[in-house]
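Here's the structure we're looking at; comments come further down.
The values are calculated or read from the model by the stated rules, or taken from the named source; none is laboratory data. For clarity, every value in this text was computed on a predicted model and none was experimentally measured. Here the Cβ positions follow ideal geometry from the backbone for every residue, glycine too, while neighbour counts run over all protein chains shown.
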Amino acid sequence: MSPHAASRVPLWDRIEELTAFQKFMDNASAVHGRPEITRAQVIVQNYVCLFTSKRPVCCKFLTDNPVRAFRNAIAHANWTYAPDFGRLVFWARKGANQNEPLSRFKVSQNDLDFCLKLSRGVAYAAYTVLESFEDA
């Protein structure tokens, strides 16, 4: 089976969506004084970036804790802003045991920016490689 046979969505369409997402991020970052835009940007970037990169194509860093725990917290709406809006606070299990209690984590804006940029870079790289298979 070819690397892209698992999806009926053409690879170019995925790259186009990722490019449109980047344009949205650039535009949203330029808007100041509009909390609703910033909040929409936060949830969209976390969802898109962290779920795009959850496959094994990504480096272990993006699939392990605390990034894995944060991705799960985003998926289950177990996150909020810190009182100073300088970081996000989230609750997730440290392991895979469903009986384990949720632990409290914090992620700084710098750490979050790094993870999201790395995730986007991995997605672009993966799609580019897959596109070269399609052309071959």
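A few points about this structure:
- Within region 13-68, considering residues that are part of a loop (DSSP other than H, G, I, E, B) and closer than 13 Å to Leu116 by Cβ, the one modelled with the highest pLDDT: Cys58
- Candidates in region 69-86 are the residues that are outside any strand (DSSP E or B) and touching a helix residue (DSSP H, G or I) at 6+ places or on another chain (Cβ under 6 Å); of these, the one that is nearest to Ala40 (Cα to Cα) is Ile74.
- Residues being among the charged types (D, E, K, R) and assigned to a loop (DSSP other than H, G, I, E, B) - total across region 87-107: 3
- Any hit, region 94-104, residues being at pLDDT 80 or above, crowded, with 16+ Cβ neighbours inside 10 Å and under 19 Å from the mean Cα position of the chain (by Cα): no
- Pairs are defined by a Cβ separation below 6 Å, a sequence spacing of at least 6 or placement on different chains, a first member in region 108-122 that is part of a helix (DSSP H, G or I), and a second member that is β-branched (Val, Ile, Thr); the pairs so defined are Cys115/Val67.
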